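Contents: one structure, followed by commentary.
The values are calculated or read from the model by the stated rules, or taken from the named source; none is laboratory data. Remember, predicted model here, so these are calculated numbers, not experimental data. Cβ placement follows ideal geometry from the backbone for every residue including glycine, while neighbour counts extend to all protein chains displayed.
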Amino acid sequence: MYIIVVGGGKVGYYLAKELVEEGHEVLVMEKDPVKAERIAEELGDISLRGDGCEASIMEMAGFGRADMVIAVTGDDEDNLVVCQVAKAKFNVPRAVARINNPKNEEIFKKLGIDTTVSATAAILAQIEQELPTHPLIPLLTLKGGGLEIVEVKVPENSAVVGKRISDILLPQQSLIALIVDEDGVPRVPKSDTVVRAGDELMAVTRTENEDALRSVLTAHATFGPYGPIDSQGR
Amino acid sequence: MEFGTTLLKTILVPVDGSHASMDALALACLLAKRNKGKVYAVYVIEVARTLPLDAGLNPEAQEGEKILARADEVADSLDYAVTGELLQARDAGHAIVDEAIERDVDAIVVGIEYRRPLGELQMGLTAQYMLRNVPCQVIICRSAAGGGGA
Amino acid sequence: MGCGRVGADLAATLDQEGHEVTVLDANPDAFRRLRPEFGGQRHVGTGIDQDVLARIGVGEADAFVAVTQGDNRNVMAAQMAKHIFGVPRVVCRIYDPIREEIYHGLGLETISPTKVGARLIKEALEREPVTRGGGE
């Protein structure tokens, strides 16, 4: 494929190198003369100094035969225009834009830019994954026995909501050691303690049963990823 | 004491058909001949990015062959033989530097025209790029003032 | 959006005519171009941020004009006003005539001062010389 990368910053540079390694024909365009010079030193004749939004330069760069255009400058407006002009004037089949403000995804989609990539959104997603609203955070691995202590926040739609501890079928050698309710009050669960949404459960489990425990405590009441809770292990 | 220039065996000369490049070629022949070396005359077809790199460029290739034939004649007149090479690349400067490294040549002899459009001697971008980037010795052969055109 | 010479002049004229005008510019210094009697609102911020546009009430606007120095910024802001906030009239300045043609083709109301300027100058040259006093 012939792939044109617009923007010769760090993203553009590493992207171009990877694409070359994968065997694609690549051109990197950078309008800033200093950056362009640096990238030419590193990448040689696959770089071109020039404004990737300027139609005459785009023509010269061979947008007309490009299979894909990837706009990765630091400015969302430039990335938008590169992709729009590539599609409207040069009929480039695929245009990918980096977006810096994740909210811009909406306007890019509306304007027909196939794919947007947002580092900000990706990092936010990672952070959200780390938050205890998402199942099972390993807290501590107990020495020797292959046991670990994990924490899980019970999701709203979990099948265990409203059930008594004794009615929950836990994987082998797993037990719920502590429940902290939404007000932050810790309780040692008894067999008739009822689990509520938002409870944080500290559980002890064998390392190999971690996934099974996760599915028991977080699977949706009806169509969870692991099916109805009652079918687990019965 | 040895000087680099006296030891040159393999020499690359970029030829573009200009008088200066043929001058450079003649010099390279004399140098290599002394050391029983070898001279590569290299012509680069620059391919516009609107076309794939391996596009068939017949008129350009014919032009290149013609210039390499002239290079042969120049060498012939000095009772020497050069190896002609026709390359197809995006950028002549890069291609020549790559070729010099590939062939592991001892020197590049580059001819430049005497041009002073702004009062200062101007060297083409290709020559500048080679000068900055090629690892081997570079000998610049500037044509005489007012002499020779293409 | 964009309080340069054109933006400031346009804002003043519309304000005088009795319209409710809001001026947006990323640089607070730009507002010095507005005449002191300008009665509209001034906001500092970038017009290519959806949150900023929402905050200054673009959703309720009858018209949106993008006249910053950046063609691409104008293009993006204008398209946001049109496609996200549904502003009925959107006019966008694009210096580059080629880009202007492309976006005109994509349904944006665009003006290229480069193209218009060149045409006006050509027309002036072709006209019989006006004897004295005629500014235009």
Give me the pairs: first residue in region A:38-54 and among the β-branched types (V, I, T), second residue assigned to a helix (DSSP H, G or I) and buried (at least 18 other Cβ atoms within 10 Å of the Cβ), beta-carbon distance under 7 Å, and six or more apart or on different chains, which are they? A:I39/A:Y13; A:I46/A:A16
Note: among C:I102, C:I56, C:I48, C:I98, just one is aliphatic (A, V, I, L, M) and more than 27 Å from C:K115 (Cβ to Cβ), namely C:I56
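Take the residues in region A:66-77 that are touching a strand residue (DSSP E or B) at 6+ places or on another chain (Cβ under 6 Å) and of a type outside the set (D, E), then tell me which one is surrounded by the fewest Cβ atoms within 10 Å (Cβ to Cβ).
So the first thing to find is which residues in region A:66-77 are touching a strand residue (DSSP E or B) at 6+ places or on another chain (Cβ under 6 Å), and the list is A:66-72.
So of that shortlist, the ones also of a type outside the set (D, E) come out as A:66, A:68-72.
Working: A:A66: 24, A:M68: 19, A:V69: 28, A:I70: 28, A:A71: 30, A:V72: 25.
Checked region A:66-77; the qualifying residue surrounded by the fewest Cβ atoms within 10 Å (Cβ to Cβ) is A:M68.
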When restricted to A:G23, A:G44, the only residue of a type in the set (G, A, S) and out of contact with any helix residue (DSSP H, G or I) (no Cβ under 9 Å at 6 or more places or on another chain) is A:G23
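Residues that are assigned by TED's automatic domain parsing to the domain that holds A:A121 and hydroxyl-bearing (S, T, Y): list the helices (runs of 4 or more DSSP H) wholly contained in region A:1-111 that include at least 1 such residues.
A:10-21, A:55-60
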Based on what the data block shows, is B:V39 crowded, with 16+ Cβ neighbours inside 10 Å and more than 17 Å from the chain's Cα centre (by Cα)? no
Please go through (1) under 24 Å from C:I94 (Cβ atoms); (2) more than 12 Å from chain B (Cβ to nearest Cβ) for A:A61 and return the number of the only condition it doesn't satisfy. (2)
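Suppose the filter is farther than 20 Å from C:R73 by Cα, under 25 Å from the mean Cα position of the chain (by Cα) and either buried (at least 18 other Cβ atoms within 10 Å of the Cβ) or free of Cβ contacts under 8 Å to residues at least 24 places away in the same chain (or both); does A:G12 pass it? Write out each step before concluding.
Values: farther than 20 Å from C:R73 by Cα: yes; under 25 Å from the mean Cα position of the chain (by Cα): yes; either buried (at least 18 other Cβ atoms within 10 Å of the Cβ) or free of Cβ contacts under 8 Å to residues at least 24 places away in the same chain (or both): yes.
Answer is yes for this residue.
Does C:V65 satisfy being within 14 Å of chain A (Cβ to nearest Cβ) and at pLDDT 95 or above? Before you say what the answer is, go through the steps one by one.
Working: within 14 Å of chain A (Cβ to nearest Cβ): no; at pLDDT 95 or above: yes.
So C:V65 does not fit the description; no.
Pick from C:R127, C:R89: which is at pLDDT 95 or above, charged (D, E, K, R) and over 14 Å from C:G2 (Cβ atoms)? Quick ask: steps written out before the conclusion?
On the way: C:R127 fails: at pLDDT 95 or above.
Step by step, each of C:R127, C:R89 is checked, and only C:R89 is at pLDDT 95 or above, charged (D, E, K, R) and over 14 Å from C:G2 (Cβ atoms).
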Suppose the filter is assigned to a loop (DSSP other than H, G, I, E, B), more than 13 Å from every other protein chain (Cβ to nearest Cβ), exposed (fewer than 14 other Cβ atoms within 10 Å of the Cβ) and modelled with pLDDT of 95 or more; does C:E20 pass it? yes
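With respect to B:Q122, is the statement that it is in contact (Cβ under 8 Å) with a residue 40 or more places away in the chain, outside any helix (DSSP H, G or I) and more than 13 Å from the chain's Cα centre (by Cα) true? Walk me through it before giving the result.
Numbers: in contact (Cβ under 8 Å) with a residue 40 or more places away in the chain: no; outside any helix (DSSP H, G or I): yes; more than 13 Å from the chain's Cα centre (by Cα): yes.
Here the answer is no, as B:Q122 does not meet what is asked.
Please indicate, with yes or no, whether at least one residue in region A:70-81 is over 25 Å from the mean Cα position of the chain (by Cα) and away from chain B (no Cβ under 12 Å). Talk me through it step by step, then tell me what you get.
If we filter region A:70-81 for residues that are over 25 Å from the mean Cα position of the chain (by Cα), which is where we start, we get A:81.
With the extra rule that they be away from chain B (no Cβ under 12 Å), the set shrinks to A:81.
Taking every residue of region A:70-81 in turn, at least one turns out to be over 25 Å from the mean Cα position of the chain (by Cα) and away from chain B (no Cβ under 12 Å).
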Kindly establish whether B:R116 is assigned to a loop (DSSP other than H, G, I, E, B), more than 16 Å from the chain's Cα centre (by Cα) and surrounded by fewer than 15 Cβ atoms within 10 Å (Cβ to Cβ). yes
Condition first: buried (at least 20 other Cβ atoms within 10 Å of the Cβ), in a helix (DSSP H, G or I) and either more than 14 Å from chain A (Cβ to nearest Cβ) or in contact with a strand residue (DSSP E or B) (Cβ under 8 Å, 6 or more places away or on another chain) (or both). Now tell me which residues in region B:76-113 satisfy that. B:A92, B:A95, B:I96, B:E99, B:A100
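Is it the case, given these coordinates, that A:Q126 is away from every other protein chain (no Cβ under 14 Å), assigned to a loop (DSSP other than H, G, I, E, B) and at pLDDT below 85? Working first, answer last.
On the way: away from every other protein chain (no Cβ under 14 Å): yes; assigned to a loop (DSSP other than H, G, I, E, B): no; at pLDDT below 85: yes.
Criteria not met by A:Q126.
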Looking only at residues in region C:42-62 that are of a type in the set (V, I, T), more than 11 Å from every other protein chain (Cβ to nearest Cβ) and not in a strand (DSSP E or B), which one is nearest to C:M80 (Cα to Cα)? C:V58
Answer from A:A66, A:A71, A:A55 - the residue that is of a type in the set (G, A, S) and at pLDDT below 85: A:A55
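The rows are residues; the columns are (1) in a loop (DSSP other than H, G, I, E, B); (2) in contact with a Leu (Cβ under 8 Å, 6 or more places away or on another chain).
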residue	(1), (2)
B:G17	yes, no
B:L27	no, no
B:L31	no, yes
B:A55	yes, no
